[in-house]
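A short write-up of the structure that comes next.
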Amino acid sequence: MKWLTTFFGSSIGKKLLMSLTGLFLILFLLIHLIGNLQLLKNDGGMSFNIYAKLMTTNPLIKFISYGNYFFILLHAFIGISLALYNRTAKGQKYAVAANNNTTWASKNMALLGTLILAFIFIHMGDFWLKMKLDQLPMVTYPGIEGEIKDLYFSVNETFKQPLFVGLYVIGMIILAFHLQHGFQSAFQTLGINHKKYTPIIKTIGLAYAILVPLGFAIIPIWHFLMK
Amino acid sequence: MNLNSKIPAGPLADKWTKYKSTMPIVAPNNKRKLEIIVVGTGLAGAAAASSLGELGYAVKCFTFHDSPRRAHSIAAQGGINAAKNYANDGDSIYRLFYDTIKGGDYRAREANVHRLAECSVEIIDQCVAQGVPFAREYGGLLENRSFGGVQVSRTFYARGQTGQQLLIGAYQSLSRQIALGTVQMYNRHEMLDLVKVDGKARGIIARNLLTGELERHAAHAVVLATGGYGNVFYLSTNAMMCNVTAAWKSVKKGALMANPCFTQIHPTCIPVSGEYQSKLTLMSESLRNDGRVWVPKKKEDAQAIQQGKLKGVQIKEEDRDYFLERRYPAFGNLVPRDVASRAAKVECDKGHGVSPTGLAVFLDFSASMVRYGKIEANKKGLTDLTDTQIVALGEEAVSAKYGNLFEMYEKITGENPYKEPMKIYPAVHYTMGGVWVDYNLETNIPGLFALGECNFSDHGANRLGASALMQGLADGYFVIPYTIGTFLANEISTPKVKNDSPEFMAAEKATKDLIDKLLNIKGNHSVESFHRRLGKIMWEYCGMARNAEGLTKGRQMIRALRDEFYKDVYVPGNNDEYNPELEKALRVADFMELGELMMMDAFNRNESCGGHFREESVSEDGEAQRKDSEFAYVAAWEWDHTEPVLHKEPLVFENVELKTRSYK
Amino acid sequence: MSEDIKLNIKVWRQKNNKSAGGFETYPVNANEHMSFLEMLDVLNEDLVNQKKEPVAFEHDCREGICGTCSLVINGQPHGPNAGTTTCQLHMRHFKNGETIVVEPYRAKAFPVLKDLVVDRSAFDRIIQAGGYISVNAGQAPDGNAIPIGKNKAGKSFESAACIGCGACVAACPNGSAMLFTSAKVTHLGLLPQGEVEAERRTEAMVAQMDKEGFGMCSNIGACEAECPKEIKLDNIAFMNRSYFKAVFGGELE
């Protein structure tokens, strides 16, 4: 098994981990968004609360979500350690900043990532923790057995506050920049760079980086305006 | 002194094969015990060091660069010749041999040149196996192009960067041996003296260029692959650090310097633009495949161009003088380098030059663009195109062939060569002369070998295009691995050479003294200024055209300059640090002695041959006139501060008939 | 003449690799036809004439091919022009009166030796680790024995065009040598002759690259933007593929 530890200790091995965890998280974002879009339904939160119950009780989904937490932490841990290593590998910085064809995001992935991690903690404190600690009111829906937690209520309460709406919108802008580089970078790391296909990947990546965070950002704004 | 060239007996075509299979060789167990120093990591040096390492010798390799990959072989653009006859155009080993002898104006040894032609074939195979990405046809086979002085297509190339690709190949082989431990690499080390023990070359004194420390390195044999001395002219196409020091120090230890006046002036260089220049840029000879060289027929047009009132494109076709095509209809723009250079000088001397200084001629691609444009149009089945559209297609085709050269020209001059004809002028490029060696590439000092441009052996008085790479690699990969055995086979019982013998200590002290001397002059003029002045004297009196009066005057001027140098040079800094000015001072000091010897050699050779043109020796129609009865010899000089001594090695031609070179 | 330009050169001076360095500013009277290095020659000749120590910088062929020259000019390795080495950069691209900041390459694996000179020997060691085809002189079959497609040979050439100048490392905010290493892996890996030992080569070269202390690639692309020979990022993708293949597809040794 030494070959495997050697691999994950190598620069390319670490890059591969960043790429694979990143791609998983990209996929997760999409699924998360699809679920969250239930919040835009005008049914007093019924679909959303049923969806939330499913997400927290189904054993398979629970298993995946623990994997998800692990990947977030792994992605963050390797990313930050790489950034710290790279800082020493670069040593002294130039007196004049270069002006070349590189994106700002690509050079600030660790900063963006750290901010996203902080956002995730706040976000989970807002909703996930409340759900876990049974601090939510209960609701019943016709045709649904028993009481379920009214997470929708909590979301609605939170997004009445402009501070939180602002925070979430900024969080999504940061995410957009992170995705702008991260999406196509993940493919490059996998070795997928081709004159025919890379432009397509880059276009999809850019669209993804804009549309997914936009989709997330609409929710707090919508709730704030509809209160 | 008896100059024994040690050419094996037998028919020309069999000499090398027979010699290889009968010469003394060293058994593998003994090879490990024998140490060889290789100085230089260009094509010849890197190839030699890696091949000797592959054979199992203990090799120490030196370069003054920060990496072996920087050697100036890297800058060769056009290609490498080989008698593969892949083009099916009648090429053969004999034809390559003959072209090279003829191109060198019958001043090279038959046997050496024939061996070179034989090895050429193996070189291509070797390089392909190393991963050199030569140009290929759609069918996947190797592509060829033609070069000056020959009528077949035998030049293999990798765009305009053939030298780079070949050197990287040799560098990779060398790197492999370094990793295997057979070669110990010393980067940033400059050889400053040769050490002889009991008359044999046994080591070198090298200066660590980072610390200034002098190191004594001992070995059983020393191989010089230190390139040419074109920088004696200050302005040349050589890299800034190219120098003669390693070779010259060997000459001062008794090696002979052969034909030092044979320098090649390359016709297609970017003209000088100002006094601040220290280096000229070559445009590959391959450009003459498709470019046409011309000047305005009328002097007034030329003057108008010089003053910036007219542009080349504005001169009408009938007012252009395509002087190479006019004078040499058979070879046209593809005459050998010496002939093309002199023809350009003649036109400029007559006042037809086309740059502000009057020292430039046009190299024009407009006709080729039309020609290629029509071919492309045919290929694409396009009819009824306008002239502009055809030229645009042609531009694309020309760009595919020479794009990087055109780009380089535009970067340097700021002019677009697709729209304006290029301006070119001859510049010093290569030195055919060098350390005298026998057939084994061994100098007259036993155990001292010289390879590549560093020696004098294969190109006579003029080198053909794409032959320098061929010689460097032939010497390194396929000659020295065999011939060094002729010396080392007798050394198997010689124990490891010690580096603390009196000879080593004395050489180290002499070097230290010279460095201290230079640092302590503390005069008023920079090393650069002396080098520039030396270059001007050399170009003026020992350049494209030479005569007895000028050469005598030049020699006196150099001696005077040398005296001034040792009184008035200013070398900043100290010895014990990274000090490029000190490095330069040591090199310029040697150029000043070599320069004098070149003047003497040029004076002695009262004939015109190849790159050496004596104004006293011309035919009725103004062409160079060789004097075979008087000068069919190698002039090998023994250096002496007061009066160098000339030794002659007669050149015997058994296979080719000496003819007046005609490219008409 | 209007072609003359006056400049201020703010240049990094550092005695050796043990001492600290700092910027010094010198006025230079240049000419727009000069190359950047010729401009520095003029500065150095001035300094020598004033009996001051000239600025140490490395250079050799001045034709853009040897890879010796370096310099970070106004924040960009080899200066502002794409696909151009410092020796081929001409002063017509600068303005009269401009202050130009000249720094050495910065990377832990490229320590400064003096002024603008850095030690790039790490590159040699990466090549020594495996950047070759294991063939001895005299062993080769005929050059035309194995046909290689024109485009493939062309692509290999484009990677082989690397001059080992180190601009990629200098440009990379992470100080990574992935572009350099991958150019060699790609040059040899694309050719049938080099494919034979591709896996071993890639593993060994990557291991050496990591050992030298270069930073980790994060696909920023500054290397590609600054490479004077326009080596592309797809070389890095090629090396990644080759590495995955070597690690996951190869036998245990």
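The values are calculated or read from the model by the stated rules, or taken from the named source; none is laboratory data. None of the values given here were measured: they were computed from a predicted structure. Every residue, glycine as well, gets a Cβ built from its backbone with ideal geometry; the counts of neighbours run over all protein chains shown.
Since C:Gly221 meets every condition but one in (1) touching a helix residue (DSSP H, G or I) at 6+ places or on another chain (Cβ under 8 Å); (2) on the phi < 0 side of the Ramachandran plot, which condition does it not meet?
Only one criterion in (1) touching a helix residue (DSSP H, G or I) at 6+ places or on another chain (Cβ under 8 Å); (2) on the phi < 0 side of the Ramachandran plot is unmet by C:Gly221, namely (2).
Among the residues of segment B:210-222, write down those that are assigned to a loop (DSSP other than H, G, I, E, B) and either closer than 20 Å to B:Pro481 by Cα or more than 10 Å from chain C (Cβ to nearest Cβ) (or both).
Matches in segment B:210-222: B:Gly212, B:Glu213, B:Ala219, B:His220.
Looking at segment B:219-234, I want the residues that are within 27 Å of B:Arg532 (Cβ to Cβ) and have a partner that is of a type in the set (Ser, Thr, Tyr) and part of a strand (DSSP E or B) with Cβ atoms under 7 Å, at least 6 apart or on another chain. Which pairs are those?
Close Cβ pairs (under 7 Å, with a partner that is of a type in the set (Ser, Thr, Tyr) and part of a strand (DSSP E or B)) amount to B:Gly228/B:Tyr430; B:Gly228/B:Thr431; B:Tyr229/B:Thr431; B:Gly230/B:Thr263; B:Gly230/B:Tyr430; B:Gly230/B:Thr431.
Of the residues in segment B:119-131, how many are out of contact with any Asp or Glu (no Cβ under 9 Å at 6 or more places or on another chain), in contact (Cβ under 8 Å) with a residue 24 or more places away in the chain, buried (at least 20 other Cβ atoms within 10 Å of the Cβ) and not β-branched (Val, Ile, Thr)?
Total meeting the criteria: 5.
Only one of these is out of contact with any helix residue (DSSP H, G or I) (no Cβ under 6 Å at 6 or more places or on another chain), assigned by TED's automatic domain parsing to the domain that holds B:Leu43 and not aliphatic (A, V, I, L, M): B:Pro446, B:Pro481. Name it.
Of B:Pro446, B:Pro481, the one residue that is out of contact with any helix residue (DSSP H, G or I) (no Cβ under 6 Å at 6 or more places or on another chain), assigned by TED's automatic domain parsing to the domain that holds B:Leu43 and not aliphatic (A, V, I, L, M) is B:Pro446.
Of all residues in segment B:79-99, how many are more than 13 Å from chain C (Cβ to nearest Cβ) and in a loop (DSSP other than H, G, I, E, B)?
Summing the residues that are more than 13 Å from chain C (Cβ to nearest Cβ) and in a loop (DSSP other than H, G, I, E, B) in segment B:79-99 gives 5.
Can you give me the number of residues within segment B:290-307 that are more than 35 Å from the chain's Cα centre (by Cα) and under 13 Å from B:Ala360 (Cβ atoms)?
So the count comes out to 0.
So which helices (runs of 4 or more DSSP H) are wholly in segment A:149-227 and hold at least 1 residues that are within 14 Å of another protein chain (Cβ to nearest Cβ)? Explain how you work it out, then say what you get.
Values: elements: A:151-158, A:162-189, A:198-226.
Here the list reads A:162-189, A:198-226.
Which condition does C:Pro54 not pass, out of (1) without any contact (Cβ under 8 Å) to a residue 24 or more places away in the chain; (2) out of contact with any helix residue (DSSP H, G or I) (no Cβ under 6 Å at 6 or more places or on another chain); (3) buried (at least 18 other Cβ atoms within 10 Å of the Cβ), if it passes all the others?
Every listed condition holds for C:Pro54 apart from (2).
Listed here are the residues, each with its yes/no results for (1) crowded, with 24+ Cβ neighbours inside 10 Å; (2) touching a Ser or Thr at 6+ places or on another chain (Cβ under 6 Å); (3) on the phi > 0 side of the Ramachandran plot; (4) not in a loop (DSSP other than H, G, I, E, B).
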| residue | (1), (2), (3), (4) |
| --- | --- |
| B:Pro260 | yes, no, no, no |
| B:His266 | yes, no, no, yes |
| B:Glu275 | no, no, no, no |
| B:Val295 | yes, no, no, yes |
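When segment B:519-530 is examined, which residues are found to be surrounded by fewer than 22 Cβ atoms within 10 Å (Cβ to Cβ) and touching a residue at least 24 places away in the same chain (Cβ under 8 Å)?
B:Leu519, B:Ile521, B:Lys522, B:Gly523, B:Asn524, B:His525, B:Glu528
With A:Tyr141, A:Tyr94 as the choices, which residue is hydroxyl-bearing (Ser, Thr, Tyr) and more than 14 Å from chain C (Cβ to nearest Cβ)?
Exactly one of A:Tyr141, A:Tyr94 is hydroxyl-bearing (Ser, Thr, Tyr) and more than 14 Å from chain C (Cβ to nearest Cβ), namely A:Tyr141.
Please go through segment A:77-90 and pick out each residue that is small (Gly, Ala, Ser), in contact with a helix residue (DSSP H, G or I) (Cβ under 9 Å, 6 or more places away or on another chain) and crowded, with 18+ Cβ neighbours inside 10 Å.
A:Gly79, A:Ala83
Of the numbered conditions (1) crowded, with 21+ Cβ neighbours inside 10 Å; (2) more than 10 Å from every other protein chain (Cβ to nearest Cβ); (3) modelled with pLDDT under 95, C:Glu63 fails exactly one; give the number of that condition.
The single condition C:Glu63 does not satisfy is (2).
Need the failing condition index for A:Trp128 against (1) surrounded by fewer than 20 Cβ atoms within 10 Å (Cβ to Cβ); (2) more than 17 Å from the chain's Cα centre (by Cα), just the number.
Only one criterion in (1) surrounded by fewer than 20 Cβ atoms within 10 Å (Cβ to Cβ); (2) more than 17 Å from the chain's Cα centre (by Cα) is unmet by A:Trp128, namely (2).
Sort out for me the helices (runs of 4 or more DSSP H) sitting completely within segment C:144-253 that have 3 or more residues that are closer than 20 Å to A:Ile12 by Cα and either within 11 Å of chain B (Cβ to nearest Cβ) or of a type in the set (D, E, K, R) (or both).
C:178-189, C:198-211
Which one of these is under 21 Å from A:Leu33 (Cα atoms), touching a residue at least 40 places away in the same chain (Cβ under 8 Å) and buried (at least 20 other Cβ atoms within 10 Å of the Cβ): A:Phe183, A:Phe119?
Being under 21 Å from A:Leu33 (Cα atoms), touching a residue at least 40 places away in the same chain (Cβ under 8 Å) and buried (at least 20 other Cβ atoms within 10 Å of the Cβ) holds for just one of A:Phe183, A:Phe119, which is A:Phe183.
Considering only residues that are of a type in the set (A, V, I, L, M) and within 25 Å of A:His75 (Cβ to Cβ), which ones fall in segment C:200-245? Spell out the reasoning first.
To start, the set of residues in segment C:200-245 that are of a type in the set (A, V, I, L, M) comprises C:204-207, C:209, C:216, C:220, C:222, C:225, C:231, C:233, C:236-237, C:239.
The answer is C:Val206, C:Ala207, C:Met209, C:Met216, C:Ile220, C:Ala222, C:Leu233, C:Ile236, C:Ala237, C:Met239.
Quickly run through segment C:44-73 and pick out the residues that are more than 24 Å from the chain's Cα centre (by Cα) and not polar (S, T, N, Q).
Correct list: C:Glu45, C:Asp46, C:Leu47, C:Val48, C:Lys51, C:Lys52, C:Glu53.
Is it the case, given these coordinates, that B:Gly56 is surrounded by fewer than 24 Cβ atoms within 10 Å (Cβ to Cβ), on the phi > 0 side of the Ramachandran plot and within 14 Å of another protein chain (Cβ to nearest Cβ)?
yes
Please pick out the residue among B:Ala474, B:Ala466, B:Ala461 that is within 18 Å of B:Thr100 (Cα to Cα) and within 14 Å of chain C (Cβ to nearest Cβ).
B:Ala474
Within segment B:347-356, can one find any residue that is out of contact with any Cys (no Cβ under 8 Å at 6 or more places or on another chain) and free of Cβ contacts under 8 Å to residues at least 40 places away in the same chain?
Our first condition is that a residue be out of contact with any Cys (no Cβ under 8 Å at 6 or more places or on another chain); within segment B:347-356, this holds for B:347-356.
Those left that are additionally free of Cβ contacts under 8 Å to residues at least 40 places away in the same chain: B:349.
Looking for residues that are out of contact with any Cys (no Cβ under 8 Å at 6 or more places or on another chain) and free of Cβ contacts under 8 Å to residues at least 40 places away in the same chain, one finds at least one in segment B:347-356, hence yes.
Looking only at segment C:66-100, how many residues end up being outside any loop (DSSP other than H, G, I, E, B), surrounded by fewer than 17 Cβ atoms within 10 Å (Cβ to Cβ) and within 9 Å of another protein chain (Cβ to nearest Cβ)?
Narrowing segment C:66-100 to residues outside any loop (DSSP other than H, G, I, E, B): C:72-73, C:76-77, C:86-88, C:90-93, C:99-100.
So of that shortlist, the ones also surrounded by fewer than 17 Cβ atoms within 10 Å (Cβ to Cβ) come out as C:92-93, C:99.
Right, trim to within 9 Å of another protein chain (Cβ to nearest Cβ) and you get C:92.
Residues meeting the conditions: 1.
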